[in-house]
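The structure appears below as structure tokens.
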Amino acid sequence: MSVAARRALLVGVERYDDSNFAPLPSCRADVWAMHQVVRHPAIGSFDTVSVLPDPTAAELRRGIGEFLDEAVPAIWPCCT
């Protein structure tokens, strides 16, 4: 049995369409820092890290869908 690749999806939303939420100006820097952590061989050691910087709602749905679609063969090989 092979070991599934370690994959991560990082999403950073800096600006929201809803004015009740203030912008998060450090969001891009935070996502960059998390990317460094999860890719570091001694800390996260993830094989693949996908980043969605400040996506629209449609981009977020598509990005999550693509991320999950790519994971299905590794998680459930019988269902591909």
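Residue count for the stretch 1-15, restricted to those that are surrounded by 12 or more Cβ atoms within 10 Å (Cβ to Cβ) and either outside any loop (DSSP other than H, G, I, E, B) or without any contact (Cβ under 8 Å) to a residue 12 or more places away in the chain (or both): 6. Is there a residue in the stretch 13-27 that is more than 21 Å from I64 (Cα to Cα) and among the aromatic types (F, W, Y)? Yes, the stretch 13-27 contains at least one residue that is more than 21 Å from I64 (Cα to Cα) and among the aromatic types (F, W, Y).
Of all residues assigned to the stretch 40-55, at least one qualifies as being touching a residue at least 40 places away in the same chain (Cβ under 8 Å) and either assigned to a helix (DSSP H, G or I) or of a type in the set (D, E) (or both).
We did not get these values from a lab; they are worked out from the coordinates using the rules stated. Since this is a predicted model, take the numbers as computed values, not measurements. Note that we place each Cβ from the backbone using ideal geometry, even for glycine, and neighbour counts take in every protein chain shown.
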